[in-house]
Structures are given as C-alpha cells and as structure tokens.
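This report refers to the structure that appears directly beneath it.
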Amino acid sequence: MQTNDSKNDDIATGNSKKQQSNSFTKENLKKQFRFSEFFAEKIITGVAFLSITIIVLIFLFVFREALPLFKKSPVKVVNIEQVAMKPESYSSESVPLKPETYGNESTPEGSLNSDSQSDELKPEKYGAVADTALTNLNNSAPTNYGEANQESVNENNNQAAWKSLTGKDWYPVSDNPRFGLIPLLVGTLKVTIIAMLIAAPIAILAALFTSAFASRRLREIIKPVVELLASFPSVVIGFFALMVMATFFQNLLGYGFRLNAFIGGAAMALAAIPVIYTITEDALSAVPKTYKEASLALGANKWQTAFFVVLPAATPGIFAALLLGIGRVFGETMIALMATGNAAMISANPFESVRTLSATIGAEMAEVVFGDTHYSVLFLIGSLLFIFTFILNAIAEFYVKGKLMRRIQGR
Amino acid sequence: MKFRKDIKGALIIGITACSVILVISIILLIIGIIIYGSKGSFSWTFLTSFPEDGMTKGGILPAIIGTAIMTIIMSVAAVPFGTITAIYLTEYASEKSIMAKTIRFAVRTLAVVPSIIFGLFGLGFFIKFVGQGMDNVFLGGALKWAQPNILWASLTMSLLTLPVVIVSVEEALRNVPKELREASLALGATKWQTIRKIVFPGSVSGILTGTILAISRGAGEVAPILFTGAAYYLASLPHSLSDQFMNLGYHIYIMSTQSSNVEQTMSIQFATTLVLLILTFTLNLTAIILRTRLRKKNA
Amino acid sequence: MKEIKINITDLTLNYGTKTALHNVSLTIPTMKISALIGPSGCGKSTFLRTLNRMNDLIDNVKIKGEILIDDVNIYDKNIDVVELRKKVGMVFQKSNPFAKSIFENVAYGPRINGINNKKELSEIVENSLKKAAIWDEVKDRLKDSALSLSGGQQQRLCIARTLAVNPEIILMDEPASALDPLSTAKIEELMHELKEHYTIVIVTHNMQQAARTSDFTAFFYLGEIIEFGKTKMIFTNPEKKQTEDYITGRFG
C-alpha cells in the first residue's frame, strides 16, 4: 500500500473540486424534461405501432379492391338475365382449360410473349377480358337503357359474379363469366390434405428421434440440416417438382395428368416438413425434464418414456405445429403454380390437375383489367385467404397457449 | 415380455431414425439433381453475362443484379423499422400491456400471411394508391408511379421480411444482460442513453443476422413480386426506382413454365436454380454461424 | 454536516400481492458505514434499491411511506430520478462492467453528464481509479477491455465507475459475496477509506464482514427491521432476542 498521506491528498483535491453543486435540494433534483428522451420514446413507440398499422392496411386495401362485388345496384335486372341467358360463345385469344403440362409441351399460360404461339394446343377458346364482354353486352342490350357505361356494366358483371361465387365453374374469361370458387377451394383442400398426410408423420417422427433418441452431437447436426430445407425458396421446390418429380412419378405410377394434386401436395410437403419439424422438436424439448425423470425412475426405458410420456405431453405444441403447417401450405403460391396443373376441376382423384386459391391469384392477376369484375374477385379470394390464415394463427396462439398453460398448471 | 418390449423399442427408434434419414436424403437428392442438371451451363460467364438468343444462351447477370438491388432497397426499408420495433418491444413495452401484446400478435400474423397477399397489397396499396397519388400530385395524372416497378416490389417484399428482422433483433437485444442496463441506470443515465450506449451496440451482430436472413428470404420469394415489378425480359438494367427489374426466382418460374423451347433452356433453368440455391444457402449459413457465435458469447 | 443522511419512515413495499417491506423505519448516519444484515430473501436488497429508486424498474410495485435524504423526499412527484441516481450510486453483487475499455467504463458517468473534454475526463478517471484503489494495477492498460480484469478487479472498477459521477451516498449490494477472500479484504479496506467522504450503506450476508467494517448495523427479518444501532451494541449486546438468535447462529 502506498503512502497514506499522498493518497489522501489526492482524494481530497479530487473531491473538493466537485463539491459545489452537490447537495440534495429540491431544486437540484427537480424533475427535468428531457427532449431527446421524450422524442425517442414517442418515435420508437410510433414506429412499433406501424406493424399493427400494416396488418390493418393489408386487410383494408385488399378488401377494398374486392368491395365492388358487394355493391348492389337497384336497376338493370334485365341485363343480368341477358347475361345469364347468353350461351357460351368463345372468340379469339388464349387461356386453355387443358391442364398445363410444362416441360413436355410448351403451353404458355397467359403468354408473356406478345405474339401468341399459344393457339396451338387448345381445344377450347375463351372470350377475352371484360372488354369483349362489354361490347357483346352492348350489342345485345335493349336500347331502352341507353348507353351502358363501363361502371354499370361492371356492376352487372359484379352481380352475376356474386351469384356465381358458390358455383362449380371457374370460367373468368368466357363471355359468360362465372367465378365459382368451389373448384378452387376443392383444389386447395386436396393439395393441403395430401401435403399434410405426407409431411406430418415424417416431420413428427423425425422430431421425435431428434429430441428423444439422438445424442447431443447428432442433434446439433440434424437440426441445422433440416432447417436448411426450410431455406429452400418455394420456387426452387416448385421447379424440382415440375422438372423432376412430375416425370418420375408419372413414369412410376402411370397416370394421365403429369401435373396434379399429388405432385403439388408432395412438393408442398417438402415445404411444410421443416415448419412442423422445428415446432414439434421445440415442443418435445420443452417438456419439463421432471416428466422424463419421473418416468425413467419408475422403470420405463428411453423409448417408452418418449412415446408414452413426452409425446402426449407435447400435444398442444404438436397441434400448433400442424396448424402452422396447414397455414403454410394453404397459402403457398409458387409450388401450386408450377406443379399442380392449374386446371379448375373438381374431382376426388388425387392424380388429376387442380387449381388452388393462391395460384389463381398468382396466375391471373397479371392479366386482368384493373377494376373489372375478375380483378375484384381475385382480391376477394385474397381477402378470404387472409382471413383464413388470420383465424388459423389466432387459434394456434390462443387456444394452444391456453391449453398449454392449463396443462402446466395441472388443470 | 422383455423381448417384445425390446422389439417395440427398436422398431420405434428405427422408424423415427428412418424419417430423419428420409428428410436428409431428400435434401441431398434435390441439391444433387439440381447440380447435375446445371452441367454445361453453370460457369463464371453464366453469372456475368446477359441472356442471348431469346434466353436460350448466355447468362443471367441482369437477374442477379435485379435481385441484388431489390434486396438492398428492401433491407433499407425493413431493417430500421424492424430494429426500432424490436427496441420498443424489449425496452419500452411492459410485457403485460395491451399495446405490446397487440404488436406481437400483429408481427406473428405478418409472419404467416401467404406471400401472395403481400403481392395483392403491393398492387392495391403501393401501386394503385400511393403510386396513383404520386402521379396525381407530382405529374398531374401522367402514368409513371402507378405501375409495377422495383420500388414497389422492394417495399412489398420488405413487409414480408419485417417479422424476420424483428425476431432476430429482439433475440439479440434480450441477450444483452439485464445487469448492464441496471449498471447504466444506476449511474444516472436515462433510458434512451442506456439504449444508445449500452444495449444497441451490444446487439449489432443480431441486427446483422436478421438482415442476412431477411435478404435470404427476400431473394427467394417470388409471389409478392409477380405483379408488382418483376419482368422476364428487359433490354437493360433498371436505371431508376420506376423501372422494372429481372429477378432470379421470377426468371426460374417463367422460364420453366412458359419458355417456348424447353430442350435448349433446360440446363439454363437448372443453372439459374442452382445460383438461387447457392445464394440462399450461403446467406442462411452465414446467419446461423453469426447467431451461434452470438449465443456462445453471452452464455 | 448533518448527522442523519437518510431518514426512512414507515416504508412499505408491495409487489402485487406480496409485501416485501413492512413499516420499515431507519436512520442512516452521514459519512459512516451502515450494514444491513439478515437471512436471505428478507428484503435487504429490496430495501437498498428503494434508496436509489431502482425498484421503479419493476412493474406493479407500490411504495408507501417516506424516504428523506437531506430532508428531501425522494419519492416526491417532482423529483427527477435520473438526477437522484447521480447522487446515490450503487455497486452490485456481481460486478457488471460494460463491454468497453477500462477507461471508457469509468468515463461513462461523466460523459453522460456532458463532460467530453479529454483532459477533464482523464483526470476524473485517474482520480476515481485511485480512490477505488485500483489505479496502480490498471494505469498502464486503460485501453484494455474491462472484461480482461479479474473478478475482484472488476468489482473495484465498478466502484471507480460509481465514484466518477461523484455521488454522496454509495449503496453496496453484497459487493464481495462473489469474490475470493483476498479481494474481499481489499474491498473492505477500500470501504474504510471511502467512508471519509461518502455515506455507505452495505447489504451483506456475511455477519463477520458487517461486524468488521460497519459503524451501524440494521437487522432485517421477513421484511421488517428488528433492530438497529451501533454495530458494537448489536453484536455484543442486542436488545431483541431474535437479533441475538441470528447473530449467534441459531437460525439463518
């Protein structure tokens, strides 16, 4: 210890310099308003609020474009009947109903090349976008109504569309446009069911192995590798399905449509597996160690513990994993566009082409005229998808968390 | 009895192990086939030259550049907003407050909304509302901003990747020990000073991780840009924010579904897919390594 | 110089439904070391934290009663907490240096207060490190990371950091409990020097430490003050039986 004196001197001088403003007084300690502090807090809070705003905006603006469908116009009943009675008359341009078979024949859907080489393979041809329908309508409308302007025609089309929403025909660009959502819904369901049937068992079993049977070293290798699958962009999976899986399975099983619900579903399973796997594995690992220890202490061995104690205990988490897997597949667009054949057909056969809700939006949005009925219907589909995933997410959050909480509290 | 139990056990362990092997095999298979299919096309020239002959020859440079520019603009939009939101959630919001719970719910909802919906939003909001507004105000109604371009596509994509950034940054912020915040406050620093000087610097690697993951996601998603700005063939690179752009994922999609000459473009398609795959892999790997380092540092 | 620095009257603190402190009344004398002893979990640290309002950081905390420092009620609505904490410093149980250099750690407080002049800062840092009895050990490596120091050195660094903002009161929450005996001895020696210029309140688990170092001792039990007085009296001739039982090790 150095000499006491010099040290004390140093301390004394150091202190006296600062002694002046150093007393506890009400004035010294009066509450200060700090501008930067205030603004920082306000701005940060405001920006954070943005995320809520975005969700609300998404809902508003997507739904807004679908609103025209809901407007009821009082007059012009005759027009609707006329439209409904008009026979299917097709003229000019593209969009084949024949399911696309990419890779074997070239069937550009809604061709991007300006000159349509698309005419080659189509047995049927459909009326083009609303313009053609408009002129047809004008030609056959009774002159009593005078000029049918674009808006009122749209409203008529909207009325007709509204009626046809629950129909079984999705023919958006024929002269008698029908917007039946049923085939799209059926298509989405088929693909989702197939995908979940494939993905759920594989993912859950793999998660069980990783969490219960694998050594720590092994776990540290397996988890990242499976998460690698999660990083595959869906367009890559779609590409793989389209180019490789489709041909392979068609050669193997010999069915008619090269691109169908099965291929689409199998490909989507590849996208869903990492999601279900990760959440299930987390749920299994989150089961309190005490459960496992109690089971082992009673004489059960590793696999009995895993299967009969841990797995049931993680059920709420596995349920959440499945819900999120479903959500992932339900809204998946690229894989559907590339691997399902894109034909709005209703059937129970998994080896027939289908068209999903999101694929419809993706495929047709680039082609529609802004503001017309087809455009609004596509936005309506978007709104429905949004609401569906919103509800699914809400269920996964509240119900599952609630169940989990109750379980842990022993009720 | 024991024998049957053992068989049961072995069976269960065996089946579950097979599932893992199956998943890993599929991953390797996909990678392998894509590498095999891109034989003949994948080369340095491929990465650095423009497409020729109606996409049947040449390279995909514009798609790479377009993807790069788009992800940069997207990050500039998403990272600051995501970081600030994460700061709010960890530093300012009381866990029980309704505001915090609602924001978390909104973020989680954003994370599960189908990507095509973002495309619809981009169309309905950015292009038809903001863009239209801009055209009306600045150009007296001429059509410039109310159509698909790289700006709207990037902003649309930034909404999709916002949750990714928020989650990563939040994790990094929470990794800064509570004791450091307490020490700072006990010395008479304000909350904002503490965040600025202690918390934020300690979370930079987490912000980096979040950015990389967001870029990886943004580079691979196609649905949001289908009708908000991506194009298949453009004569030149985008010069301004109101230009359209080429994009790797979009290129793969169009080329594989609508190319008129499948034979000739087959290996190019595979090669483009390989490029995208390598890009996302590398980015994700970097992010994972960063994240593991961050977790080890604060263990 | 006033005799009593801190005057606590009827302090009650609740977390939600739990009561952590119940009707605590105490006086802390100026420029002396006051120790708070008692079994774990009986509110000592919570009490310490009321003195610099660190409990404000916890949600749903309710405080009743009065704490006067130099006759100023620090829980008054018009009191600026940030300024208060500059005058009432705190050293924590586990040392928590920032991930910065030794110099920057000590300079953190002054910088917050707007002192950016290099010369001034160097002076303050040097003085604080000297007062914390660690200057000689680190004077050649001020730019090194604070995390490269040993546990005992880090704790002394934290003390230097607190001294750099020139508080009047220093609160120490079991400052040596995570340290080896040698470092503990150094800290105790340091405390003895510091009390010449600062009022010190220390929470400790270690009864012998309290007996060794403090001038006054308060015995806490289950959120209440059982007894308080000159250390010598408490340890040799306690008034309450509970105190005697604790000191002689019959429980705790």
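Overview of results
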quantity: Dipole of the range A:182-364, positive direction: furthest Cα of A:188, A:248, A:213, with charges on the beta-carbon; calculated: A:213
quantity: In order through the range B:237-243: 3J(HN,Hα) via Karplus (6.51 cos²θ - 1.76 cosθ + 1.60), integer Hz, x for Gly, Pro; calculated: 6, x, 9, 9, 5, 9, 8
quantity: Convex hull volume of the protein assembly as shown per residue (C-alpha atoms, cubic angstrom); calculated: 231
quantity: Whole-percent pair-distance distribution, where bins are 5 Å wide, for the alpha carbons of the range C:153-220; calculated: 4, 15, 32, 28, 16, 6, 0
quantity: Estimated dipole of the protein assembly as shown in Debye, rounded to 20 [Cβ of Lys and Arg +1, of Asp and Glu -1, Cα centre]; calculated: 3100
quantity: Electrostatic dipole magnitude of the range A:256-328 [Cβ: Lys, Arg +1; Asp, Glu -1; Cα centre; debye, to 20]; calculated: 140
quantity: Fewest-first ranking of A:400, B:76, using other Cβ atoms within 10 Å as the exposure measure; calculated: B:76, A:400
quantity: 5 Å-binned pair-distance histogram of the range C:45-116 (Cα, whole percent); calculated: 3, 12, 21, 22, 17, 13, 8, 3, 0
quantity: Spatial separation of Cα centroids for the range B:102-156 and the range B:212-291, in angstrom; calculated: 20
quantity: Footprinting exposure proxy for C:205, B:251, C:192 (fewest neighbouring C-beta atoms within 10 Å first); calculated: C:192, C:205, B:251
quantity: Among B:247, B:175, B:149, residue whose mean-square fluctuation peaks in a GNM of chain B (springs only between Cα atoms under 10 Å); calculated: B:175
quantity: Formal net charge of residues neighbouring residue C:121 (Cβ-Cβ distance under 12 Å; K, R +1; D, E -1); calculated: -1
quantity: For the range C:209-234 and the range A:233-283, distance of Cα centres in Å; calculated: 73
quantity: At least 18 Å along the helix axis (C-alpha) and Kyte average at least 1.0, DSSP helices within chain B; calculated: B:2-37, B:61-87, B:98-112, B:150-175, B:204-220
quantity: Neighbourhood charge, 14 Å Cβ-Cβ cut-off, centred on residue C:243 and excluding it, Lys, Arg +1 and Asp, Glu -1; calculated: 0
quantity: Distance cut-off 13 Å, percentage of C-alpha pairs in the range C:197-252 lying past it; calculated: 59
quantity: Computed over chain C, Kirkwood Rh from alpha-carbon pairs, angstrom; calculated: 18.7
quantity: Fluctuation leader among B:96, B:128, B:57 - chain B, Gaussian network, Cα springs under 10 angstrom; calculated: B:96
quantity: For the range A:350-411, convex hull of alpha carbons as volume per residue, Å³; calculated: 117
quantity: Debye intensity ratio I(q)/I(0), log10, the range B:1-139, q values 0.09, 0.10, 0.17, 0.22 Å⁻¹ (C-alpha model); calculated: -0.69, -0.80, -1.12, -1.25
quantity: Tensor-based shape of the range C:3-102 (alpha-carbon gyration tensor, a/c under 1.5 rounded, otherwise prolate or oblate); calculated: rounded
quantity: Student exercise, the range A:182-364 dipole from Lys, Arg, Asp, Glu Cβ charges, in Debye to nearest 20; calculated: 360
quantity: Above-threshold pairs, the threshold being 32 Å between Cα atoms, out of C:62/C:240; B:197/C:2; A:401/B:128; B:96/C:44; C:77/C:240; calculated: B:197/C:2; A:401/B:128; C:77/C:240
quantity: Bins of 5 Å, starting at 0 and running to the largest distance - Cα pair percent for the range C:85-214; calculated: 2, 11, 23, 26, 21, 12, 5, 2, 0
quantity: Karplus-derived HN-Hα couplings along the range A:312-327 (A = 6.51, B = -1.76, C = 1.60, θ = phi - 60°), whole Hz, x at Gly and Pro; calculated: x, 5, 8, 3, x, x, 5, 4, 4, 4, 5, 4, 5, x, 4, x
quantity: Surface/4 estimate of mean projected area, convex hull on alpha-carbon atoms of the range B:44-297, nm²; calculated: 16.6
quantity: Neighbour-count order for C:212, B:293, fewest beta carbons within 10 angstrom listed first; calculated: B:293, C:212
quantity: Helix-only [θ]222 nm of chain B, DSSP H runs n ≥ 4, -39500 (n - 2.57) each, per residue, nearest 500; calculated: -22500 deg cm²/dmol
quantity: Translational diffusion of the range A:182-364, µm² s⁻¹ [Kirkwood Rh, Cα pairs; Stokes-Einstein; 10 °C; 1.306 mPa s]; calculated: 92
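No value in this document is a laboratory result; all are computed from the given coordinates. Just so it is clear, the model here is predicted, and its values are computed rather than measured. Cβ atoms come from the backbone with ideal geometry, glycine included; neighbour counts cover every protein chain shown.
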